[in-house]
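Some notes on the structure that comes next.
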Amino acid sequence: MSRDLRLIQTEADYRAAMGELESLWGAEPGTPEGDRLDVVLLLIRTYEDEHHAIPLPDPVELIRYTLEERGLKQKDLIPLFGSASLVSEVLSRKRGLTLNAIRALHETFDLPYEALIDGGRERAAA
């Protein structure tokens with residue numbers, strides 16, 4: 001028998017919800033079991049976001065990783081940043097990202113705004 005649905009507040013609640021998730025997995029949408037699966041997933045996601053959040057990547061490391069993954073070079077960022085010196089200063093951490101560079105990186109590479117804006121700030125606070 002299923003437990004009553006309620007917010008997950010402890011690790012024990014979390015483990016119980018994960019067990020229920022496993023038992024409900026594959027339930028048909030639109031059925032009582034499918035509806036319960038949706039609610040259990042939402043409760044788990046809410047708890048994980050608060051207690052097991054994955055930190056945002058460092059913006060410079062994210063940019064370097066993106067370049068490497070796409071086989072690009074530092075010079076390929078010049079159109080996005082405006083100049084080679086600005087690219088160099090940002091990647092060497094001598095200067096922060098400008099709003100225009102953040103927009104361009106997001107639009108060109110689909111990098112999350114949150115990581116480009118807050119990633120460095122969260123790391124410094126940790």
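The values are calculated or read from the model by the stated rules, or taken from the named source; none is laboratory data. Since this is a predicted model, take the numbers as computed values, not measurements. Neighbour counts run over all protein chains shown; Cβ positions are idealised from the backbone, glycine included. Heads up: the accessible areas ignore ligands, DNA and RNA and are worked out on the full protein's heavy atoms, side chains in. Shrake-Rupley method; radii C 1.70, N 1.55, O 1.52, S 1.80 Å.
Of all the residues in the range 23-71, those that are of a type in the set (A, V, I, L, M, F, W, C), under 30 Å from residue 85 (Cα atoms) and either exposed (fewer than 13 other Cβ atoms within 10 Å of the Cβ) or touching a Cys at 6+ places or on another chain (Cβ under 6 Å) (or both) number 0.
Annotation: residue 122 fulfils all but one of (1) under 29 Å from residue 12 (Cα atoms); (2) at pLDDT below 95; (3) open to solvent by less than 70 Å² (accessible area, probe 1.4 Å); the unmet one is (3). Only one of the numbered conditions (1) modelled with pLDDT of 95 or more; (2) closer than 30 Å to residue 106 by Cα; (3) among the aliphatic types (A, V, I, L, M) is not met by residue 39, and that is (2). For the subset of the range 93-114 comprising residues that are modelled with pLDDT under 95 and of a type in the set (Ser, Thr, Tyr), which member is most open to solvent (accessible area, probe 1.4 Å)? Ranking the candidates gives 113 first. In summary, residue 20 fulfils each of the numbered conditions (1) of a type in the set (Asp, Glu); (2) under 30 Å from residue 100 (Cα atoms); (3) surrounded by 13 or more Cβ atoms within 10 Å (Cβ to Cβ) with the single exception of condition (2). The single residue among 55, 79 that is within 23 Å of the chain's Cα centre (by Cα) and either in contact (Cβ under 8 Å) with a residue 24 or more places away in the chain or part of a helix (DSSP H, G or I) (or both) turns out to be 55. Within the range 102-113, the residues that satisfy the criterion of being in a helix (DSSP H, G or I), touching a residue at least 12 places away in the same chain (Cβ under 8 Å) and under 17 Å from residue 70 (Cβ atoms) are 104, 105, 108, 109.
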